[in-house]
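The structure appears right after this line, and notes come after that.
The values are calculated or read from the model by the stated rules, or taken from the named source; none is laboratory data. These figures come from a predicted structure and were not determined experimentally. No Cβ is skipped: glycine too gets one built from the backbone with ideal geometry, and neighbour counts run over all protein chains shown. Remember, those area values only see protein heavy atoms, side chains included, never the ligands or the DNA or RNA. Shrake-Rupley method; radii C 1.70, N 1.55, O 1.52, S 1.80 Å.
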Amino acid sequence: MALNTSPDAPIPVGQVSRLIGGWIDRLGAVWVEGQITQLSRRPGAGVVFLTLRDPSHDISLSVTCYRAVFDEVADVVSEGARVVVHAKPEWYAPRGSLSLRAAAIRPVGVGELLARLEQLKKSLAAEGLFAAERKRPLPFLPQLVGLVCGRASAAERDVLENARHRWPAVRFEVRNVPVQGVHAVPRVIEAVAELDADPDVDVIVVARGGGSVEDLLPFSDEQLVRAVAACRTPVVSAIGHEPDTPLLDLVADLRASTPTDAAKRVVPDVGEELLRVRQLRDRALRCVTGHLEREERGLASVRARPSMERPQRMVDEREAHVAAFTERGRRAFGNRLDRADSELTHTHARVVGLSPAATLRRGYAVLQHADGSVVRAADEVAAEEELRARVAEGEFTVRAVVTPPA
């Protein structure tokens, strides 16, 4: 229950400490797993002091046990070992400190660790953290490579020397961290987060040499696996040797069998790239040369055609056709003119033969009144009327004489 306190009615420190001790006493004994970071066995002392740490978090608890309890596992337990402790939480009221009183200590064996890792592997795989579609391709030529490794380690030397041998201009941002022990997981997570936050880092390499299963356990930690899965920068895992497969290998964007292999996979070989450039250049030159040669042959074939060799031949042929059509048109038009002239001559002859003038030339005359009208009947003429007589070669005046009927 919450205490009713106020600035005017506070409770003493001792009472607070006793209350906390009472609450902790109700917890009872628990099984706790952790990694031993400190071990103190004073000669002649009946109590052994340990510090138990959570490998994934920066949290530690003090553990005490009787020497007889520890002696049962003293041959297999040392600093850095993982253990399971059956202990009861105790509160030391005078100093306000919490500790665990261990009644039993069990070392975590390799088989048990591997079984737990397999269970964790299945759980993370079910979440999709190891899915192939999550893998991101590495940049072809990274300008800055982030490297997380142990200080002055063989893994650091292998990565740096091999990468610079392959591509001398490559730059590295190195983060030296513990790669085993209780501080490895938080420090590796911190280093990966720092490099991932740097926009200049193109790829991150987490490298460590070989070791036992226990030595490589930090790289199968769930918190580290999730931290790498959340990175925006591609991550390369180069942990141990070829047979070693920590969970970091599965979540990383690329698994390298060794740190040396990581250097080869991260940066290209300048000699190989120059050779590839020369090969591509030669290939391009051959393609262009072949294309030009084919076009030249095609152009020569086109130029060898009669129409291209003597382009005026087509004009000459067309000119001959035009001349033939012109002559044909001229003949046709001349024939039409001749026929029309002949027809016109015949028509003219007929018209002339039937015209009044022709009739007059045969001796006939046309009589006209003074007003020019033609005399067609005798009764149209009055006695003594002067008429005009028109003949073929002129005209003259006549006087009409009326003859009485017989």
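Brief remarks on what is shown
- Pairs, first under 14 Å from W167 (Cβ atoms) in the stretch 269-293, second modelled with pLDDT of 90 or more, C-beta under 6 Å, six or more apart: D269/R166; V270/W167
- Of all residues in the stretch 21-79, those satisfying the criterion of being of a type in the set (D, E) and either free of Cβ contacts under 8 Å to residues at least 24 places away in the same chain or in a loop (DSSP other than H, G, I, E, B) (or both) are D54, D58, D71, E72, D75, E79.
- Test: residue in the stretch 146-154 that is within 20 Å of L254 (Cβ to Cβ), in a loop (DSSP other than H, G, I, E, B) and not aromatic (F, W, Y): no
- Inspection of the stretch 175-189 finds a residue satisfying the criterion of being modelled with pLDDT of 90 or more, open to solvent by less than 20 Å² (accessible area, probe 1.4 Å) and within 19 Å of P259 (Cα to Cα).
- Members of the stretch 70-83 found to be surrounded by 16 or more Cβ atoms within 10 Å (Cβ to Cβ) and over 15 Å from S40 (Cα atoms), listed by number: R82, V83
- Residue within the stretch 167-174 that is open to solvent by less than 60 Å² (accessible area, probe 1.4 Å), assigned to a loop (DSSP other than H, G, I, E, B) and β-branched (V, I, T) present: yes
- Boolean, K88 is in contact (Cβ under 8 Å) with a residue 40 or more places away in the chain and under 30 Å from V73 (Cα atoms): yes
- Residues that are open to solvent by less than 100 Å² (accessible area, probe 1.4 Å) and either in contact with a helix residue (DSSP H, G or I) (Cβ under 8 Å, 6 or more places away or on another chain) or closer than 30 Å to Y364 by Cα (or both), drawn from the stretch 300-341: V302, P306, S307
- Once the stretch 164-220 is narrowed to residues that are among the aromatic types (F, W, Y) and under 30 Å from the mean Cα position of the chain (by Cα), the residue that is nearest to V267 (Cα to Cα) is W167.
- The stretch 80-110, subset part of a strand (DSSP E or B) and under 13 Å from L39 (Cα atoms), residue modelled with the lowest pLDDT: R82
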